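Okay, structure first, notes after.
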Amino acid sequence: MTATEWITDIALILIVFRQLREGRLDRKTFLLPLGIVAFVAYTYLDSVPTDGNDLVLIAALTAVGAALGVAGGVYTRIRALDGNLLIKAGAVSAVLWIVGMGARMGFQTWVEHGGGAEPVARFSLAHHITSQQAWVAAFVLMALTEVVTRVATIYVRSRGHRLAVARPAAALGCTA
């Protein structure tokens, strides 16, 4: 793994640690993780192979990313306080985030430095996965999907809280 890959992976993991302490839900909550995965996708997602069972691998890992992201978003606490929305990642959300991001990091490290290249090559041959790019695309799309679905889940959940914050203010004749 390159230094850029380590920094990017660690930055994604640290995002959830930042949210273990309750903080204000704002644009930065959404834009920072989306910006990081956009950079990762731009940097590493050259193509999406479609030969053999490449799309099956890509779809499977993308589905795992979506499940982890939605669950992580659901297990993130959102509450209203003094007209602001606050966010705090729970333990389940943190574990899911680390499992998803750590799996990619661990897999890449295992393949590059832990003797995993040969078993992955055998698995790929046996299951008609045609290229290394299929694995790259699958893990990048898994990370991208995990981030996007987590952020989207938090956003959708926050809309309900925003309405609850706005109703009392409207009832008092205040404008928000």
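The values are calculated or read from the model by the stated rules, or taken from the named source; none is laboratory data. This structure is a prediction, so every number in the text was calculated from the model and none was measured. As a convention, Cβ positions derive from the backbone with ideal geometry for all residues, glycine included, and neighbour counts pool all protein chains shown. Note: accessible area is taken over every heavy atom of the protein model, side chains too, but ligands, DNA and RNA are not part of it. Shrake-Rupley method; radii C 1.70, N 1.55, O 1.52, S 1.80 Å.
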For this session: Report, by residue number, each residue of segment 13-55 that is closer than 20 Å to residue 99 by Cα, in a loop (DSSP other than H, G, I, E, B) and open to solvent by less than 50 Å² (accessible area, probe 1.4 Å).
Result: 19
For this session: Could you tell me whether residue 111 is part of a helix (DSSP H, G or I), more than 17 Å from the chain's Cα centre (by Cα) and surrounded by 13 or more Cβ atoms within 10 Å (Cβ to Cβ)?
Result: yes
Exercise. Pairs under 8 Å by beta carbon, first residue of a type in the set (Val, Ile, Thr) in segment 94-121, partner not in a helix (DSSP H, G or I), six or more apart or different chains?
Worked result: 109/1
For this session: Just one of (1) within 25 Å of residue 69 (Cβ to Cβ); (2) at pLDDT below 90 trips up residue 120, so point out which.
Result: (2)
Exercise. Going by the structure shown, is residue 72 open to solvent by less than 30 Å² (accessible area, probe 1.4 Å) and either in a strand (DSSP E or B) or on the phi < 0 side of the Ramachandran plot (or both)?
Worked result: yes
For this session: Kindly indicate whether any position in segment 76-86 is open to solvent by 50 Å² or more (accessible area, probe 1.4 Å), at negative phi, assigned to a helix (DSSP H, G or I) and not charged (D, E, K, R).
Result: no
Exercise. How do the pairs read when you match residues in segment 58-80 that are touching a residue at least 60 places away in the same chain (Cβ under 8 Å) and over 17 Å from residue 33 (Cβ atoms) with residues anywhere that are in a helix (DSSP H, G or I) and open to solvent by 50 Å² or more (accessible area, probe 1.4 Å), using Cβ under 6 Å and keeping only pairs 6 or more apart or on different chains?
Worked result: 80/161
Exercise. How many of the residues in segment 127-145 are open to solvent by 70 Å² or more (accessible area, probe 1.4 Å) and either among the hydrophobic types (A, V, I, L, M, F, W, C) or in contact (Cβ under 8 Å) with a residue 24 or more places away in the chain (or both)?
Worked result: 3
